Every structure is written in C-alpha cells, then in structure tokens.
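First up is the structure itself, then whatever we jot down about it.
The values are calculated or read from the model by the stated rules, or taken from the named source; none is laboratory data. Because the structure is predicted, anything quoted here is derived from the model rather than measured. Here the Cβ is made from the backbone with ideal geometry for all residues, glycine too, and neighbour counts use every protein chain on show.
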C-alpha cells in the first residue's frame, strides 16, 4: 500500500476537497494503483541530474514598467457568484 | 464540391475570386451543424448570430486585404480558450456560466486575421482526458464510428473538423490533446514548440506543458493557422521572443537529403499490428520520396507516462486552486464558513478525473513526498529531453505512431484511469521535452478507423515537421477521405 484511506483524507483536506465514503475508497484504490506504477521511475539512477522545470532556454522576462488601464471593476465583478457592486462577497471569515 | 468540405486555402481562393460568400459558407456550415450535432456532439456552444453578422460584414468589406489571411473563414475554438462575451466552460460545471471579460491572445489573433468564430468545442474537463468522456456536459462521438471516442482532450475540435462542421479549428495539447484526437479522427493536428504560441487566456492545466495549436483538414491549413497564432506575447512571459517564419514557405521543398529517425522504443508490445503496419508503410512512402530512414533510440521513452502523470497533476493541483467560488465559477450556497464554501464549491464543481488529478498532484507535492515524486519526475524529464537532443544529431525529424491503438469504444477505459493514462504513451515524451509534434492521417484499419503518423521535430522547427507531412500528404490520399454521416 502506497497510500492509506487516512492519507487520502489528509490530501483531500489539503486540496480543499470533500470526499464521500465511496470516493475515499475508490480514490485510495486508484491512487495506489497509479502510485505503484510511478515506482517505475526508481529504476533510474538520477543522482546529479538537474531537474527540468522549463524546457526552453528562457530566463527572466522583463518589460518596461508602464502604468496601464485596468479592467473596469464592473467587468471584473460580472462573473462573481456574489458581490455588492464594489467587492466580492464571501461567507463571514471572522 | 460542397462548401463545408473546403479547407482554409480553398475557401480563401473562392472568396478571393468571388465564387462564394462568407455568408453562404457560414450558413451552410450551421445547417450541417444542426444536422450532425445530434450524432457527433462536437460543440458546447454556438455563436450563430454573431458569426453570420461577421460573415456578412466580410462580404461587404471584400477580400482585397492580404493582411487578413482568415477573412471570412468559419472556425471552431476549443472551449479552454477565453473568448470575450462568449461562454467558456473548459468542459466543467465549475465554469458552466463563465463569460470571459477578455479574449485570449489566440482568439484575438484569429479575429484580427479575419476568422469567424462558429462556436466552442467540447473537451475533457480542464483538458484532462484522452477520450472526451470527461466532459461535464456530454461525450463527443467519433465521426468515423459513433460508438467510438474521438480522442481527447481536444476531441470536439478534431470531430468538428472531421465531420466538416467547421473549416478548421484550434485545440490545446498538454500531453497529446491535439495529436491524439487528430489521429483518431483522421485530420491534421500540430502541437507547436512550448513557447511558440501565447498561452494568455488559455485556461491553465499544466503550465509548463500547455500549448495551443491548429487542427485542420490538411497540412497547408496547419501551416497557415500557425502563421496566424504563433509569436511572442508580452502577456505570456513564457512565450519566446523569436521571429515567426512563413510556415508555408518550405512546404514545397522535397525530401531529398532529409533523414528520418525511427525510434525503436515506439514499436513495442501494445502497438496494435494494423497501426504498426500503416506507420511502417508511411515510412516506406517517405523513403520512396527521397528521405533516408534510420533507426534511433530514445531510451527513456518508457518512463514518460510515470513522469508526466506526476508533473501535470502537480501543476494542475496548483493551477486549479483558483476555483474557490469567490471571483467566478460555481459557488455552493450552503457552506456556513469560508472553508466550507471552498470545499463544497470545489467538490460539487469538479468531476471525478479532475479531483483525482488534484489529489494525485497534491500528494506528489506534499511534505515528505516532493523529492520522491515531483523532483524525481523533473529529473527524468531532463533525461527524456536529452534523448531527443541526442537523436536530433542524427536526423532532422522523428516518425512514430501517435497512439498504440485506434479510437476505442466509448466506456472502455472510463473506469480504469491508469489504462487511460497509458494510451498517451507516444505523445507524452514530446510534450515533456517541449518539442513540436504533428499528427497526419496515414491509413485506415479494416474497420475504417483512421490511423495517425506522428512527426516530431527539434524545438522551433515546426517547418520541418510540416515539410515532411506535406510531402507525405501530396503523395497519399488519406486526408481526402471523409466519414459517412
């Protein structure tokens, strides 16, 4: 077993997901199968190999810092599930 | 000749010569869409009123402007690309009502070149899938056999092109999502080099892998569309400031002096004999046209699936953190606290495969596992990239199958995620290396299902892949066949 039901619960909490009892079972089984397959990578000795996070040789991408117009507030709020015409509204935090 | 049958370059010629109008062509295509959508279901939304207005406006303006290579051409766009004022769902319930307040750079470029947006095409949710069965709305069906999948995740775009429900389309490719559906639907698909096309406005799945590219009826159209969408964009810091050549320029060059590498690791157990036969025959065709074929080795090929299915879900788990029910997208109304609202919105908004990948990615990035999974996968990515760089010292392009099988029946792999992942084995390595890859029809099975040939080229050498593909296409007739619908 690579991953237990408890670990699946923990990962779901980290990912801000709720998982049902059935999902817990199926995710545990499926993730185990997938992670077992990933073991394949350990056949390779990667000591000293530099990890690739970016495939094209690009470094810092600079541009001139010029003030530009932003999107109007009304437009940014158009897709909001809830707003008060000026801000996004969320359930009480404090 | 039927108007919906046309390629971009054929339609452009007719429009230039005044033999048809954009209104007539666009109208004909919408008629065909109405007739075929109950069977194929390639689209998620249509923009008919707007498209017809644009068509009439092009007819009025005329076609003299040579800076508008797509003037009057009706196109389909995958629903992962933001289109201002037109719903963009990404195949997900969580974005079911999302109407972008801006255009993706690619959408804008298509519009500025004169393209007419017919509608948005279906896809696996957040581009995660190889069959289109992960769409939250409905599966798309393969126009060649309606009981089969069209491939994924750009299955809607590929099916729309194959069924002549558009003149051409664009899709996106993270691990094969343009090439595999193009192969399964018998059309041409091109994933450009990472950084060649701007990702601004492309809903992010795995940011170090995602690329937008053309899905077309022939190679000339793929070159033509790439001309329009390629180039540096200040709004995508990973796009590469490098000149865009005219990709049509060297299509006509022959294959004399071109060395084609055949990687032995792509002809292994699991590759079905009919696919292998068609690919081997295609290699013989290339040789008969003057190319030299040599065997090469990409020794780390077999690690591609494992490395990709750590890296892509890891990036996805981070990218998809933005769907929290606050700024846009679905919100659960029952959660009393902010945390409860987050959890419920995400759990109700995302489908099973998306949740699975978020879980997998979160696990691979979590404390104690980062080095064992994520770092290890990035190191293997380096080895795979080096494999290609070494191979390209011996040959200009590589030729392989696109997928080990042809389009499989709907439902076959839907309950077995690992089997679904393994079907991407031949497209993932090029994605991990960031090199361009093209899929072109190279045969049909005895049951009449299309088989695709993959042509891979070094970084920023799309023109080489296009040149080899064009020579192949001009000497075969697979691209001229159409499904009976």
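Just one of B:255, B:225 is in contact (Cβ under 8 Å) with a residue 24 or more places away in the chain, surrounded by 19 or more Cβ atoms within 10 Å (Cβ to Cβ), on the phi < 0 side of the Ramachandran plot and part of a loop (DSSP other than H, G, I, E, B); which is it? Residue meeting the stated conditions: B:255.
The set of residues from region B:135-180 being part of a loop (DSSP other than H, G, I, E, B), farther than 23 Å from residue B:432 by Cβ and in contact with a strand residue (DSSP E or B) (Cβ under 9 Å, 6 or more places away or on another chain) comprises B:135, B:137, B:138, B:140, B:141, B:144, B:147, B:149, B:150, B:165, B:166, B:167. All of (1) under 28 Å from residue A:73 (Cβ atoms); (2) buried (at least 22 other Cβ atoms within 10 Å of the Cβ); (3) facing chain A (nearest Cβ under 7 Å) hold for residue B:323 with one exception: (3). Here is the figure for region A:3-27: residues that are surrounded by 15 or more Cβ atoms within 10 Å (Cβ to Cβ) and facing chain B (nearest Cβ under 10 Å) total 15. With the structure loaded, tell me whether residue B:265 is over 22 Å from the mean Cα position of the chain (by Cα), surrounded by fewer than 23 Cβ atoms within 10 Å (Cβ to Cβ) and at pLDDT 95 or above or whether it fails that test. Against the criterion (over 22 Å from the mean Cα position of the chain (by Cα), surrounded by fewer than 23 Cβ atoms within 10 Å (Cβ to Cβ) and at pLDDT 95 or above), residue B:265 qualifies. Candidates B:383, B:365, B:360: the one that is surrounded by fewer than 24 Cβ atoms within 10 Å (Cβ to Cβ) and either within 8 Å of chain A (Cβ to nearest Cβ) or on the phi > 0 side of the Ramachandran plot (or both) is B:383. State whether the residues of region B:341-356 include one that is facing chain A (nearest Cβ under 7 Å), buried (at least 19 other Cβ atoms within 10 Å of the Cβ) and either in contact with a helix residue (DSSP H, G or I) (Cβ under 7 Å, 6 or more places away or on another chain) or not in a helix (DSSP H, G or I) (or both). Checked region B:341-356: at least one residue is facing chain A (nearest Cβ under 7 Å), buried (at least 19 other Cβ atoms within 10 Å of the Cβ) and either in contact with a helix residue (DSSP H, G or I) (Cβ under 7 Å, 6 or more places away or on another chain) or not in a helix (DSSP H, G or I) (or both). Would you please name the residue that is nearest to residue B:342 (Cα to Cα), looking only at residues in region A:74-88 that are more than 9 Å from every other protein chain (Cβ to nearest Cβ) and outside any helix (DSSP H, G or I)? Here the residue is A:83.
Hey, any hits in region B:403-421 for a residue that's in a helix (DSSP H, G or I) and more than 27 Å from residue B:149 (Cβ to Cβ)? Looking through region B:403-421, none of the residues is in a helix (DSSP H, G or I) and more than 27 Å from residue B:149 (Cβ to Cβ). Output the residue which, of all residues in region B:326-340 that are in a loop (DSSP other than H, G, I, E, B) and closer than 18 Å to residue A:94 by Cα, is farthest from the other protein chains (Cβ to nearest Cβ). That would be B:334.
Per-residue answers, yes or no, for (1) under 30 Å from residue A:62 (Cα atoms); (2) surrounded by 14 or more Cβ atoms within 10 Å (Cβ to Cβ):
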site	(1), (2)
B:243	yes, no
B:261	no, yes
B:269	no, no
B:274	no, yes
B:281	no, yes
B:284	no, no
B:287	no, no
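Going residue by residue through region B:422-431, is there one that turns out to be on the phi > 0 side of the Ramachandran plot and either surrounded by fewer than 18 Cβ atoms within 10 Å (Cβ to Cβ) or within 11 Å of chain A (Cβ to nearest Cβ) (or both)? Looking for residues that are on the phi > 0 side of the Ramachandran plot and either surrounded by fewer than 18 Cβ atoms within 10 Å (Cβ to Cβ) or within 11 Å of chain A (Cβ to nearest Cβ) (or both), one finds none in region B:422-431, hence no.
Taking the numbered list (1) in contact with a helix residue (DSSP H, G or I) (Cβ under 9 Å, 6 or more places away or on another chain); (2) away from chain A (no Cβ under 12 Å); (3) surrounded by fewer than 23 Cβ atoms within 10 Å (Cβ to Cβ); (4) in a helix (DSSP H, G or I) in turn, residue B:302 passes all entries but (2).
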